[in-house]
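Shown next, in structure tokens, is the structure this report addresses.
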Amino acid sequence: MTVTVRLAASTADLLAWVQFPRRRVYPLASPWTPPLDSDVLRLLDPARNPFFRQGQAMPLLATDGDGRIVGRVLAHIYHPHNERHGERTAFFGCFECQDDRPAATALVQAAARAAADWGCSTLRGPFNLTAMQDMGILLDGYEYPPAVDQTYTPPYYPRLLETAGLQRTFPHTTWRIDDVHAIDFSELLGERHRILTMERRLTVRSARLQQFEQELETLRRLLNESFAELTHFVPLTADELLFQVGAYRQYLDPSLLLVAEMDDVPRGFVLAMPDVNPLLKQLGGAFTGRRAVEALPAAAGWLWQRDACLIVQGVERRLQGQGIMRVLHHRLVRNLRRRRYRALSVTWIADENAASAATIQALGGHPRHRLTLYESPVGALLNQRSSEAVADRRVHEEKRPR
């Protein structure tokens, strides 16, 4: 079977690219939660997504010999990453494919060809689009549905990507606390944590959502400073953080977005939010009037039996290890209980980040999904030949990157 890869350049192709996963990859019974079509289109829109001010991306579609779509991928490059980390790396993301080895190989080779055209020597992914967004391929935990901002992929993806010539790198894990009411609240704070809070030197407050952009700037400064040395991290601009968090603004609960201040200066933060995936699952990717009405019963149940997800947290580097995060977690658990949340998920923690994993274990958390990134030298991918998969070179000859 011959597979052709083309740029999703027309409106029809772009809609097919967006809707392909729910139409051809994930059955209704799958734990996968379809994102809203509007959110995916927003991600790809250079006029709305600030990523495109410093990056390029190409949505690619794979079709079989009968013209049926069998897979998709997003080839992209983010110049600040290469400047900060001294690399020549391009990325692939939004990878979705039927259990079809020629299609997967063709998509990976098309992404590698884009990387070569951009002068890159390494292809890595999936990133959708950066390390501060969802990423990775699931390795186990397929029976568990993802929380908001978590990745879910089919069990056959590792086989497809490894057959296409990619190797595993950067393992990471999602975590879950099944019952926040079962946490031994009295054990969360030790003597050193109480000393921190004496005389109100360290205080924790909820976010002031009426001053949304000002609060985001506080979070951005803390996030950039506390994450500065982490693998793959690139400091976020104000527009980038607003683009990412702003999409969830209507769902935010200020009692779960906490700022720790020492001597009235913000030093740490926790950003958690209600897990809206059960609602998104009901919507099925479309937010039409009919879909919204169908989702109402689920919405009523969700209000009374809802979970939360810890999206990101951080403390200034010079103050890490001094107990500030434990004080933040103490307040978060208290607020989760008061607001009648049941469980708390964590988006992901790199396996190399033992300190962050320990803070979640201290709350009774346990690993839930294991994930990995993949990468390979571009030259090795392009030198790999398959008689079953042929990527259309016209993608790169006729169309400029978006």
Completion exercise
Taking a label point 7 Å from the Cα of N353 along Cα-to-Cβ, the residues of the range 256-280 whose backbone nitrogen sits under 14 Å from it are 269-272
Practice task
Round to a whole angstrom and tell me the spacing of the C-alpha centers of the range 153-228 and the range 40-102.
Solution key: 27 Å
Fill in the blank from the handout: Total charge of the residues flanking P50 in space, meaning their Cβ is under 9 Å from its Cβ, with Lys and Arg +1 and Asp and Glu -1, is 0
Problem - Packing rank of 348-356, 264-272, where each peptide gets the mean count of other beta carbons within 10 Å, highest leading - result: 264-272, 348-356
Exercise for the section: Mind checking the full-extension length gain between A29 and R205? Use 0.36 nm per residue of separation minus the Cα-Cα distance, one decimal, nm. Expected result: 59.3 nm
Fill in the blank from the handout: If each part is reduced to its alpha-carbon centroid, the range 305-322 and the range 1-35 end up apart, in Å, by 34 Å
Handout entry: Radius ratio Rg over Rh of the range 81-223, counting only Cα atoms, Kirkwood formula for Rh
Key = 1.10
Exercise for the section: Rank-order 167-176, 100-109 by packing density, defined as the average count of other C-beta atoms within 10 Å over each peptide's residues, highest first. Expected result: 100-109, 167-176
Problem - Sites matching GluC sites (Glu not before Pro) across the range 183-272 that sit in DSSP coil, with at most 15 neighbouring C-beta atoms within 10 Å - result: E229
Practice task
Quote the Stokes-Einstein diffusion coefficient, in whole µm² s⁻¹, for the chain, based on the Kirkwood radius over alpha carbon pairs, a temperature of 37 °C and a viscosity of 0.692 mPa s.
Solution key: 148 µm²/s
Practice task
Please work out the average accessible area per residue across the chain, using the 1.4 Å probe convention, and give it in Å².
Solution key: 44 Å²
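Out of the range 1-98, which GluC sites (Glu not before Pro) are coil in DSSP terms and have no more than 14 other C-beta atoms within 10 Å?
Those satisfying the criteria are E87.
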Problem - Percent accessible area from carbon and sulfur atoms, the range 1-160, protein chains only, probe 1.4 Å - result: 49 percent
Problem - Distance between modelled label sites at R68 and D179, nm, 7 Å Cα→Cβ extension - result: 4.7 nm
Fill in the blank from the handout: So for the range 114-158, using the alpha carbon gyration tensor with a ≥ b ≥ c as root eigenvalues (a/c under 1.5 gives rounded; past that, a/b versus b/c decides prolate or oblate), I'd call it oblate
Fill in the blank from the handout: Lys and Arg at +1, Asp and Glu at -1: neighbours of L373 with Cβ under 11 Å from its Cβ sum to +1
Completion exercise
Per-residue ellipticity at 222 nm attributable to helices in the chain (runs of n ≥ 4 DSSP H, -39500 (n - 2.57) apiece, nearest 500 deg cm²/dmol) works out to -10000 deg cm²/dmol
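Loop only per DSSP, at most 14 neighbouring Cβ atoms within 10 Å: give me the trypsin sites (Lys or Arg not before Pro) in the range 1-57, ordered by residue number.
Numbers: sites: R6, R22, R23, R24, R42, R48, R53; in loops: R48.
Of the trypsin sites (Lys or Arg not before Pro), the ones in loops of the range 1-57 whose Cβ has at most 14 other Cβ atoms within 10 Å are R48.
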Problem - Peptides 358-364, 71-77, 142-148 ordered by average Cβ neighbours within 10 Å, highest first - result: 71-77, 142-148, 358-364
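The values are calculated or read from the model by the stated rules, or taken from the named source; none is laboratory data. Predicted model only: the values in this text are computed from it and were never measured. Virtual Cβ from ideal backbone geometry, glycine too; neighbours counted across all protein chains shown. Ligands, DNA and RNA are excluded from the accessible area calculation, which covers all protein heavy atoms including side chains. Shrake-Rupley method; radii C 1.70, N 1.55, O 1.52, S 1.80 Å.
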